Every structure is written in C-alpha cells, then in structure tokens.
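Working notes for the structure below.
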C-alpha cells in the first residue's frame with residue numbers, strides 16, 4: 001500500500017457536527033474525522049466514478065481485510081511564522097505539564113524542575129487534553145494546537161422556493177459553530193498502489209465540488225488538498241521501526257477513539273479482547289505476534305495492565321442498518337495510554353494501520369513514545 005500525505009485547507013467555514021444539538025445551537029468538532037473524509041470521497045466517486053467506487057470497496061464497514069483505503073483523522077496543524085506548520089497528536093493522559101512555564105514534569109515528581117530566570121519553577125503540573133505538537137514530546141515544552149471558530153446565526157428557508165418563510169410563519173433562527181476558513185489540517189490516507197493517482201485526482205475535485213461536513217448548501221465545507229506526497233507503507237514502517245528500537249519504556253497512546261468489540265458489547269480498556277485484535281492484525285498482515293502489555297507486579301499476568309483510560313464515543317455508527325446519525329457507541333477515547341513491548345516493526349505497522357474496528361474511518365489510530373503509566 002501507499003501512504004498519501006499532505007495538507008487539507010478550509011476554503012470556507014467547516015461544520016463537523018458532534019451528532020447532538022443543544023436547542024438551536026449546533027456545535028462543531030475541531031478536527032475532521034476520517035469517516036467524514038471517506039464519506040466525501042465515497043460520495044464523489046459513487047456519483048462520478050462508480051467503477052472506482054466499487055473497486056476500492058470504500059463503503060466497507062465491517063471487514064477491514066476487504067477494503068483498499070484507510071483514512072486517518074485530519075488533525076489541526078500548529079503554525080508559526082518561524083517554524084511553519086507542525087504535526088499534532090492527541091495528548092497522553094499520563095503526562096503532566098507545568099501550569100506556569102509549560103514544561104513536562106518528570107515522572108515521580110510533584111513540582112516543575114525547570115529553571116525560570118535562574119530559579120527553579122517549582123509549580124505543580126496538570127494534565128492536558130486536546131492536541132499538542134509532536135515537538136512537545138521531543139523538547140518537553142508544551143505547544144498546544146487549537147483552531148479558530150466562530151458562530152453564525154441563520155434563518156430557515158423553504159425547500160420549495162429556497163426563500164425565507166412568509167409572514168405567517170414563526171421564524172426560528174438557529175446558530176452554527178464552525179471552523180474558520182484558512183485552517184490547515186494534516187491529511188493522511190492509505191490506498192492500494194494502483195489507485196494512488198486516481199485518488200489524488202478525485203480528492204482535488206471532491207474537496208471543491210462535494211465538500212465535507214454540514215450546511216454545504218449554505219456555502220460550508222469546501223476544502224483544498226495540497227502538497228500530496230506518496231510513500232510506500234513498507235518504507236515508512238521500516239524507518240519508524242528503527243526509531244522505536246532505540247526507545248525504552250514504550251507507551252502506546254490512542255490518537256483517536258478506539259472501538260473494541262466483544263461480540264455486541266463495546267470494550268472500555270485494554271484486556272484480552274485488545275490482544276485478540278492484535279493477533280488478528282498479525283495474521284492479516286503477516287507479522288509475528290510478539291506484542292505484549294506490561295503488567296503491575298513482578299510477573300506478567302499478575303494484577304492489571306499498566307494503563308490509563310479515557311472514555312469516548314463513536315459518532316454515526318452503522319448508518320447502513322438504518323440507525324440514526326446521533327447514535328452513540330461507547331469506545332476508548334483519545335489520550336488513553338498503555339505500557340507495551342513488542343517487535344518494533346509490528347508497533348510501526350500498528351501506527352500505520354490502527355487497531356480495532358473501522359480503522360478505515362480514522363478509528364483506532366495510535367502512536368508510541370517513551371513514557372510511564
């Protein structure tokens with residue numbers, strides 16, 4: 001497979017619904033789910049290139065071995081005049097950052113040991129949610145990433161005349177929160193080699209003519225893809241494996257919501273069900289299953305795995321089965337972390353493909369770093 005990576009820029013306001021409304025207010029996510037990008041491209045291909053839509057099996061929801069495209073969540077990129085755009089990840093729930101100077105507080109300490117104006121900072125730390133730059137993990141200096149948003153008030157229009165209702169109609173204004181134009185996101189997807197050029201071309205057209213998110217009839221949702229680069233997945237895995245082999249005390253962090261299913265039940269936590277998914281991945285991709293989690297106690301298997309879990313929800317689950325868009329599926333939330341060990345190439349492959357259900361829609365994305373739970 002080939003990874004296509006680049007940037008996705010909002011040409012107009014973007015509204016990425018959360019699946020719920022509060023009165024007349026419609027909130028927005030601050031990132032673009034892989035499911036939304038997949039839906040945009042899928043709709044464009046279905047209406048314009050039906051043969052490619054069928055060949056890619058882009059509508060597959062259940063069997064991840066039966067799809068030729070995997071879309072990652074598009075996370076907002078942090079920007080500065082000096083450094084340009086920086087990649088971001090979900091912040092690990094195990095890390096604490098100084099409330100005053102923003103430095104990473106060392107494991108086992110309660111106060112910041114960084115020096116400010118020649119004196120120890122000594123401030124306490126706090127956990128940070130949301131997105132931080134990858135540089136934060138390397139330098140130990142917190143850089144948060146957020147997007148600009150605004151709220152617009154709209155009035156309803158009639159479907160037949162595309163005009164405001166008459167004087168005898170009680171107008172009910174509604175309020176839409178959206179991401180401001182100009183916001184830049186990191187774009188990543190995996191596709192089979194034979195589809196790369198066609199997918200790149202379709203993305204450019206779909207971003208303009210189809211758009212993504214809600215209120216597209218009101219001018220929302222136009223995006224532009226740029227700097228699209230191609231790289232074989234095997235090369236990325238090989239390079240990343242070299243980096244991971246030099247690290248100790250490896251910690252896995254969920255970079256998006258992770259859906260683990262035990263029959264019809266959602267699993268919250270990393271237990272035997274999680275290991276089953278790893279084994280299934282190894283069988284599917286041809287890796288040796290030497291992945292393991294680290295446990296409390298002297299011997300593996302005594303006590304509970306060393307993990308910190310946040311709870312999340314998956315939006316729009318199983319729409320094909322007639323369920324409502326607002327249906328919520330419980331899942332492991334972003335920022336959850338687990339101490340692990342395993343073959344570096346396997347870990348690098350898990351970073352690329354993800355773990356669990358619907359990894360083709362951005363769920364189950366993970367990254368590995370040195371850390372402690």
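Computed from the coordinates by the stated procedures, all read-outs in this text should not be read as laboratory data. Just so it is clear, the model here is predicted, and its values are computed rather than measured. Every residue, glycine among them, receives a Cβ derived from its backbone with ideal geometry; neighbour counts consider all protein chains shown.
Over the range 1-157, calculate the relative contact order: mean separation of alpha carbon pairs under 8 Å at least 6 apart, over the residue count, as a percent.
Numbers: 200 pairs, mean separation 25.0, N = 157.
Contact order relative to length: 16 percent.
Can you give me the relative contact order of the range 92-139 as a percent, contacts being Cα pairs under 8 Å and 6 or more apart? Relative contact order comes out at 37 percent. Here the spin labels are modelled as points 7 Å beyond Cα on the Cα-Cβ line, and at residue 201 and residue 272 they lie 5.1 nm apart.
Give me 77, 64 ranked fewest to most by other Cβ atoms within 10 Å of their Cβ, as a rough exposure proxy.
On the way: 77 22, 64 19.
Ordered from fewest to most neighbouring Cβ atoms within 10 Å, 77, 64 come out as 64, 77.
For the chain, the relative contact order works out to 25 percent when only alpha carbon pairs closer than 8 Å and six or more residues apart are counted.
Just rank 239, 351, fewest to most, by other beta-carbon atoms within 10 angstrom.
Details: 239 11, 351 20.
By the 10 Å Cβ count, ascending, the order reads 239, 351.
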